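These notes are about the structure you will find just below.
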Amino acid sequence: MKLYVEELEKIERKNEGDMRTLYVSCGNQTRLEELRQKVEPLGYKMWDKWSLLANDPKTLAVVDALMFDEKGAVEFELLLRSKFFMGPFMSSMSQLIAYARSVNDDEGFFEEKIFPGSTKDTGENGAGMRRTYPVSPAMKGDDKTKLMIVNGEDIMSCYP
């Protein structure tokens, strides 16, 4: 959470306009509340699926009844089209959003912004997927999409 809050402050300093409204996609309400307690004293207003639907119990019940991945699919378009996106690299959802947001860029987002300085251990059979960074965890990306990188499995080789 510390990295996310630090990055929010950097984004706010760099950008004109209101960058103090956040939408956070997370399946864990306890973790959402922990983040909310960190960012709201800094002047951020944080929303999530439960706070947005708090006054619509019928729709909230429908959303709550969805499976984990279905909830993510509901939020996908919002996250894809947001002015700025941050997510954890180890999340396939975050990687997919970062990929979709950057797929039409001239430069390779992952090759140019995420992977430099890292090594990938493919193992003896060439099928290994462990990526190691010299500094981990850290935020990497560009002016509209960032991923919190950590040492661990890298599923990006599965993308086209």
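The values are calculated or read from the model by the stated rules, or taken from the named source; none is laboratory data. Remember, it's a predicted structure, so these values are computed and weren't measured experimentally. So basically every Cβ, Gly included, is an ideal-geometry build from the backbone, and we count neighbours across all protein chains shown.
Table for the structure above
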{"item": "Residue identified as without any contact (Cβ under 8 Å) to a residue 40 or more places away in the chain and not charged (D, E, K, R) among F89, F84, F76", "result": "F76"}
{"item": "Filter result (surrounded by 12 or more Cβ atoms within 10 Å (Cβ to Cβ), at pLDDT 90 or above and hydrophobic (A, V, I, L, M, F, W, C)) within segment 63-77", "result": "V63, L66, F76"}
{"item": "Test: L52 is surrounded by 13 or more Cβ atoms within 10 Å (Cβ to Cβ), modelled with pLDDT of 90 or more and closer than 18 Å to P88 by Cα", "result": "no"}
{"item": "Helices (runs of 4 or more DSSP H) completely within segment 48-115 that count 3 or more residues being more than 16 Å from D142 (Cα to Cα) and outside the structural domain of M129 (by TED's automatic domain parsing)", "result": "49-52, 57-65, 68-81"}
{"item": "Out of M67, M156, M90, M139, sole residue that is within 20 Å of the chain's Cα centre (by Cα) and within 21 Å of K10 (Cα to Cα)", "result": "M139"}
{"item": "Search result, residues across segment 140-160 that are part of a loop (DSSP other than H, G, I, E, B) and at pLDDT 90 or above", "result": "D142, K144, V150, N151"}
{"item": "Unmet criterion (only one of (1) assigned to a helix (DSSP H, G or I); (2) surrounded by 11 or more Cβ atoms within 10 Å (Cβ to Cβ)) for P41", "result": "(2)"}
{"item": "Failed item, numbered, when M19 is tested on (1) more than 16 Å from L147 (Cβ to Cβ); (2) without any contact (Cβ under 8 Å) to a residue 60 or more places away in the chain; (3) touching a Phe, Trp or Tyr at 6+ places or on another chain (Cβ under 9 Å)", "result": "(2)"}
{"item": "Total residues in segment 125-144, condition without any contact (Cβ under 8 Å) to a residue 12 or more places away in the chain and of a type in the set (G, A, S)", "result": "3"}
